[in-house]
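Structure record follows, encoded as structure tokens.
The values are calculated or read from the model by the stated rules, or taken from the named source; none is laboratory data. Values in this document were obtained by computation on a predicted structure and should not be read as measured data. For neighbour counting, all protein chains shown are included, and Cβ atoms are generated from backbone atoms with ideal geometry for every residue, glycine included.
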Amino acid sequence: MLKQMTSLAVAGLMASAASAGATYGFTHIVEDGDGPTQLADGAIGVSQLSLELKDTAGSAEFLFKNSGPDAAVVTQIYWFDVNDQLTSLDSWTSASGGPDYGAPPNSDEDKGKLPGYGGKNISDFDLKPDPSPSKNGIDIGEDLSVFFSYTGTYLEILEAIDSGDIVVGVHVQAYKSGGSESFVTGPPPKDPPTGVPSPTAALAGMGLMGLLVSRRRRRN
């Protein structure tokens, strides 16, 4: 009896933890030829953008936040799903009342490519601001929730993000520098891009030691 109660308690705790969701940061995609300006803009994105995944009424809710304070706007958002666990992008809303996004594309020809993201770059799902960017999107202090139907369990969706089978990418514009940068969820790669100094060394020269900016490659 005690063993059964213990098992039920553990199962309850696991379900509660899964339902509570998980928060992810973003990795900056460093491209060949990036210099101090691009690395600085990348550091801004890494420090103030976040993604929270929640189980909301049976849907996988992807909650994007831009905490600020530096000028940067999340414009296009992309989902790459290796195993087709996300079945449909159902709806989106903003608690902050900020960004307005148009209907997702229905055909592969209209689906987007995340700038700087190599390999098989066509997204499985994407959203773009309406009207078009560069200053329309998730601005400082704003958020956007995107709801998906999915196959399997919610815990398997979390595991897929942790393993890189589901990758979420964002394109960020409206930096003070006038540039734009791309970011993805997932761990840093083992190999840096060719011809680019190590991110740690580059950031050290800018007084930003300890912040890792790296490039994650898409599996073909």
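Quick notes on this one:
- For segment 48-86, taking the residues that are under 19 Å from T23 (Cβ atoms) and either assigned to a loop (DSSP other than H, G, I, E, B) or of a type in the set (G, A, S) (or both), the one that is nearest to the chain's Cα centre (by Cα) is identified as S50.
- Check on S182, touching a helix residue (DSSP H, G or I) at 6+ places or on another chain (Cβ under 8 Å), at pLDDT 90 or above and of a type in the set (G, A, S): no
- Given (1) modelled with pLDDT under 75; (2) surrounded by fewer than 12 Cβ atoms within 10 Å (Cβ to Cβ); (3) of a type in the set (S, T, N, Q), index of the condition S132 fails: (2)
- Subset of segment 58-86 (residues that are more than 22 Å from Y175 (Cβ to Cβ) and touching a Phe, Trp or Tyr at 6+ places or on another chain (Cβ under 6 Å)): S59, A60, E61, W79, Q85, L86
- Flag for D162 being closer than 22 Å to V46 by Cβ and modelled with pLDDT of 90 or more: yes
- Test for S96: is it part of a strand (DSSP E or B), in contact (Cβ under 8 Å) with a residue 24 or more places away in the chain and among the polar types (S, T, N, Q): no
- Checklist (1) part of a helix (DSSP H, G or I); (2) modelled with pLDDT of 95 or more applied to S16, failing item: (2)
- For segment 30-46, the set of residues classified as surrounded by fewer than 21 Cβ atoms within 10 Å (Cβ to Cβ) and more than 17 Å from A174 (Cβ to Cβ) consists of E31, D32, G33, G35, P36, listed by residue number.
- Total residues in segment 149-182, condition part of a strand (DSSP E or B) and either more than 16 Å from A22 (Cα to Cα) or over 18 Å from the mean Cα position of the chain (by Cα) (or both): 9
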